[in-house]
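Below is one structure; the comments refer to it alone.
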Amino acid sequence: MSFEEYAALARQLAEHRRAGERDAAAESARRRDLHAAADYLHQRLTAQGQRLDQLGRAIGVDQPPAATSGWAPPGPPATPGSSADPATWPSPPTGSGPPAASPPPTAFGPPAAPGSPTASAPPSAPEPGDGDSAGAAGGPGRAGVGAYPELPASQARLALPTAVSPAGGGVPTQRAAAVDPVVELELARRMADEADRHGQQAELLAQRPVLLPTWSPLARAVAVYAACGAAAGVLMLTLVLASGIGLVDGFTLGAWICAGLPALAFFAGYLVLGRWGKPAMVAGTPPRYLPLGFAICFLLVPLGYCAYLVLFRALR
């Protein structure tokens, strides 16, 4: 080998070494990026899990119980017609038809007695196509199904083991293809983004109360107190009619109109706002506008009674 050839070989080896170092550095950087992305996704999923737990506690949903360690998934049932089902195995033909030809003697069976039809008759040659259609039973020396000995049902599954796949039917499972971690991390990131979007929607829905969710708190409080005052006004009309027929005296009617019914309407509106007007995700007590509710209830019922008197006088 000349000096020029040796120098060229040394340059080629150095170039290969530098290329290997570059590839190793690139692979190391790729692995660091993958680990950083996996850690970031792990932190995101942990935060999402904690937020989902908070949402579940806010709406009163407990965490599902953990699965027991001794549980094992049941195996796939034997499908009709499969080799694992003992009920579908062939059995010797019965009936009044002609008897089936006995199989030729094999090494696994006892020798035929001299003078018997089996010993005197020459073995029949297999017909064309029998070996292809019958599988292992169609080979030489395995005519029909007599080559397979009949076993009890309790030993059938041990005698003919099959490879079980998730799809069932005794089909061998295929090896899973190699997955690309970059693709899997990208899919996980997209799913995490989708989970964040749905979580934000759930939080927005949880920040709305059940009662009149699209209304403002002030408008909701006015509507609730006004509805309770209107219901108290209906009770007031009932008491007025009862007073007209002598069931309620004037003092009792005045006490209920001036204090009893307005107080009942106010406390009813207060309880309704506290029960159905509070969002699930709002900490603390929402505003119930107590002065506004007191004014509405204690003014609406007496004003309704005055309006009733004016209308009754006008109609008379």
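Every read-out reported here was derived from the displayed coordinates using simple, explicitly stated rules and does not represent laboratory data. None of these values were measured; they are calculated from a predicted model. So basically every Cβ, Gly included, is an ideal-geometry build from the backbone, and we count neighbours across all protein chains shown.
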| For P279, are the conditions met, namely being crowded, with 16+ Cβ neighbours inside 10 Å, assigned to a helix (DSSP H, G or I), touching a residue at least 40 places away in the same chain (Cβ under 8 Å) and on the phi < 0 side of the Ramachandran plot? | no
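Going by what's in this entry, would R313 be described as basic (K, R), within 46 Å of the chain's Cα centre (by Cα) and either surrounded by fewer than 19 Cβ atoms within 10 Å (Cβ to Cβ) or assigned to a loop (DSSP other than H, G, I, E, B) (or both)?
no
Is it fair to say A263 is under 30 Å from R57 (Cβ atoms), under 51 Å from the mean Cα position of the chain (by Cα), surrounded by 13 or more Cβ atoms within 10 Å (Cβ to Cβ) and of a type outside the set (D, E, K, R)?
Details: under 30 Å from R57 (Cβ atoms): no; under 51 Å from the mean Cα position of the chain (by Cα): yes; surrounded by 13 or more Cβ atoms within 10 Å (Cβ to Cβ): yes; of a type outside the set (D, E, K, R): yes.
Here the answer is no, as A263 does not meet what is asked.
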